[in-house]
1. Those residues that are surrounded by 14 or more Cβ atoms within 10 Å (Cβ to Cβ) and of a type in the set (S, T, N, Q), I need them from the stretch 94-113; list them, please.
2. For the stretch 15-64, which residues satisfy the criterion of being modelled with pLDDT under 95, part of a helix (DSSP H, G or I) and of a type outside the set (A, V, I, L, M)?
3. What are the residues in the stretch 65-88 that are at positive phi and in a loop (DSSP other than H, G, I, E, B), if any?
4. What number of residues in the stretch 145-168 are charged (D, E, K, R) and either closer than 13 Å to residue 83 by Cβ or under 14 Å from the mean Cα position of the chain (by Cα) (or both)?
5. For residues that are crowded, with 19+ Cβ neighbours inside 10 Å, farther than 16 Å from residue 82 by Cα and out of contact with any Lys or Arg (no Cβ under 9 Å at 6 or more places or on another chain), tally how many sit in the stretch 1-32.
Amino acid sequence: MPFLLLIRHGENDFVKTAKMAGRLPGVHLNDRGNGQAQDLAKGLAETPLKAVYASPLERAVETAEPIAKIHKLEIRLVPGLMDTDIGKWQGRSWKVLSRTKAWKVVQGAPSRFTFPGGESFLQAQMRIITALDGIVANHKSKDLIAVVFHADPIKLALAYYLGMPLDNFQRISIDTGSVTALMVGQMGAHLLWMNQKPPFNIPHPSKKKK
């Protein structure tokens with residue numbers, strides 16, 4: 001099974017001010033986010049990565065850059081890893097949205113919700129799984145792969161691979177600058193650890209137990 005390191009991008013001012021960035025262009029890491037990206041690169045420096053993949057959105061690419069640089073790898077951009085298309089909610093405050101009836105559906109029954117002018121959570125989940133399965137298919141068993149993208153897509157992927165109902169995916173928490181380790185293969189998936197921040201103690205999957 002390939003060994004996926006699912007990495008959420010670092011902090012940006014939309015995260016800091018509780019606004020919904022979605023797919024807006026020009027959302028860059030702030031100072032704390034850049035520090036998180038550097039910490040991730042240092043924490044993963046001794047990990048024998050075979051590839052670094054990222055969402056094309058700036059905040060994901062900027063988080064992936066130090067990781068790729070320290071391993072002398074090119075970043076492979078995958079459009080299917082982009083954040084959820086939240087349509088007309090882009091740029092809006094989630095604190096304001098949290099007072100609406102729609103927000104209750106987002107939190108309590110997300111499988112029944114479609115963002116106005118955007119995609120449903122089910123559509124987003126299938127898009128993300130298609131992208132991750134494509135990445136897995138490109139690698140050998142026990143390859144270590146970094147995948148840098150976004151909070152809800154990571155949560156949706158975990159829910160799918162672990163057999164959780166889509167309506168429960170909001171129970172998962174994924175922080176900025178965190179890593180979640182998942183092994184994925186034809187016979188299923190195994191969550192090794194979740195939402196961890198540097199320094200890491202990552203087991204080398206190619207080492208044989210004595």
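1. Selection gives 111 alone.
2. Once the filter is applied, which keeps residues that are modelled with pLDDT under 95, part of a helix (DSSP H, G or I) and of a type outside the set (A, V, I, L, M), the stretch 15-64 yields only 16.
3. Correct list: 72 only.
4. 2
5. So the answer is 2.
Rundown of residues vs (1) surrounded by fewer than 17 Cβ atoms within 10 Å (Cβ to Cβ); (2) at pLDDT 95 or above; (3) part of a loop (DSSP other than H, G, I, E, B); (4) not hydrophobic (A, V, I, L, M, F, W, C), yes/no style:
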site	(1), (2), (3), (4)
130	yes, yes, no, yes
159	no, yes, no, no
164	yes, yes, yes, no
175	yes, yes, yes, yes
180	no, yes, no, yes
198	yes, no, yes, yes
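The values are calculated or read from the model by the stated rules, or taken from the named source; none is laboratory data. All of these numbers come straight from a predicted model, not from anything done at the bench. A quick note on method: Cβ atoms are made from the backbone with ideal geometry, for glycine too, and the neighbour counts reach across all protein chains shown.
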